[in-house]
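Scroll down for the structure; my scribbles are underneath it.
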Amino acid sequence: MGKGLRWKWVVAVWLLCSVAVSAQTADDRALMLMREGDGLALNRLLTVRVDSLSEGVRAMGEAFVRGCLGDAKQGAKLMKRALRRYQGSWDEAMVAQLTFGMALQQHRSGRDRKAAKTLSRYVEEHGSFAMRPIFERYGQLFRTCRPYRKVRMNTRESVVPFRIDSVGPQNARSVAVRIPATVNGIAVDMMLDTGATLNILSQGMAERLGVDMLDAEVFLDGMGENRGRMAVAKLLRMGNLEMRNVLFCVMDNNHEVGSHAETAHLNAILGLPLLELLGCVQMDFRSKTLRSATDIPLDEANMSCGFAENGLQVEVRHHENRLSLIPDMGATHSAVGIRSFAIQPDYITRNYPSREVVFVGWGGSVSGKEYLYPQFDVAVGSTVVSLPQLSILEGTDYDSRLGMDFFTRCERVTFRLRYPAGLSVIPCR
């Protein structure tokens, strides 16, 4: 009898310890995914292991996912509530990062004044901390840009024609989506770059188009760190779409990227803000038109918007392996970093042909070794697009992305940035 009771007591203690360890492990995993900005993986964790998470981490995780999957306003609201109630559960660095994420979500939902106030309040309450310069810089950016929020002027369905132009060096030609537009009444061809988190102009192009410079400095990643200043274009027209007070980042010209014929297409870029403005965008590569769309059917939410410079991330599959890639129409070719690929790096280096490659963009150039993986199938939802080859990169931090070699093999591509966010493709027949 006594032995039986003792055994039951041991089992009970073991179960309690196992639950505690499991919860701790799940919490650590969830916090790590929040640090990395991986909303899709966090969404799966919440679905599969929600009962293993502590109350505070679960509440913050649900808020984080809501924002990443396209509902910035509700995501920021839920993050604010979770921070107010549970911030004692996390270390100071994590609280600062989550506060910064909340401010970025407030900015994305058009509430720049509230975003600036969120950052200023944290600086006042916490004094000196590692992220203080970032908080102060973004607070100034939000305050400066608040009066110039872009406004969509026409209410009918937007229809914007585009071209597919050959761009880049003669020995490595690729293609880009170019949109004929007028800025402040001046004609200009703009490249659509879904991998860019900002609209971008070179300094020379900004002077030609007569945009108004603002007192707000910006730092962003490209082929290295870039510096620029925010500017506003009073009027942008393309197709039947008209916008006023359109914000651009005007890049410093230290590297003169836009002055060379091979990179002239980088002089004027429309990025993620255009997709966010329209909410749901369908690109028809047969008729060469971009349209605002009402909705798209999704097998599952497969796209998220990071809180910082990550921009969009889409989750695709190669057979049974999941890959998180940037859907980037500004990239010449699809590429995956060797360390994030499911196949072991030593197998790739032994079995696939390689060559040295150089990528050029804002910030200069990066070089590395490229391994060519033949006949690479990419599944987006239930749709499969087959690439003749995929670049697997070694020795460069160039991010994993879907490039124009993928998109030009599709008849239609639809980006939905409303909740739940998703990418849908129809391949060429």
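The values are calculated or read from the model by the stated rules, or taken from the named source; none is laboratory data. All values reported here derive from a predicted model rather than from experimental measurement. Reconstructed Cβ throughout: ideal geometry from the backbone, glycine too, with neighbour counts over all protein chains shown. The area values use the complete protein model at the heavy-atom level, side chains included, leaving out ligands, DNA and RNA. Shrake-Rupley method; radii C 1.70, N 1.55, O 1.52, S 1.80 Å.
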Of those in the stretch 34-48 that are outside any loop (DSSP other than H, G, I, E, B) and touching a residue at least 24 places away in the same chain (Cβ under 8 Å), the residue most open to solvent (accessible area, probe 1.4 Å) is ARG35
Flagged in the stretch 293-316 as hydroxyl-bearing (Ser, Thr, Tyr) and open to solvent by 20 Å² or more (accessible area, probe 1.4 Å), in numbering order, are THR294
Of the listed residues (SER259, SER287, SER340), the one being among the small types (Gly, Ala, Ser), modelled with pLDDT of 90 or more and surrounded by fewer than 22 Cβ atoms within 10 Å (Cβ to Cβ) is SER287
When every residue in the stretch 113-157 that is more than 20 Å from GLU92 (Cβ to Cβ) and touching a Gly at 6+ places or on another chain (Cβ under 7 Å) is compared, the one modelled with the highest pLDDT is ALA116
Among strands (runs of 3 or more DSSP E) entirely inside the stretch 91-201, those with 3 or more residues being more than 28 Å from GLY330 (Cβ to Cβ) and either under 25 Å from the mean Cα position of the chain (by Cα) or not aromatic (Phe, Trp, Tyr) (or both) are none
Exercise for the section: Answer with yes or no whether ARG163 is at pLDDT 95 or above and open to solvent by less than 60 Å² (accessible area, probe 1.4 Å). Expected result: no
Condition set more than 24 Å from LEU325 (Cα to Cα) and among the hydrophobic types (A, V, I, L, M, F, W, C), scope the stretch 23-33, selection least open to solvent (accessible area, probe 1.4 Å): answer is ALA26
Taking the stretch 294-323 and the residues there that are within 19 Å of GLY75 (Cβ to Cβ) and assigned to a strand (DSSP E or B), the one that is modelled with the lowest pLDDT would be CYS305
**Asked** Can you spot a residue in the stretch 146-156 that is hydroxyl-bearing (Ser, Thr, Tyr) and open to solvent by less than 30 Å² (accessible area, probe 1.4 Å)?
**Response** no
Being modelled with pLDDT of 90 or more, touching a Ser or Thr at 6+ places or on another chain (Cβ under 9 Å) and open to solvent by less than 10 Å² (accessible area, probe 1.4 Å) narrows ALA268, ALA216, ALA206, ALA233 down to just ALA268
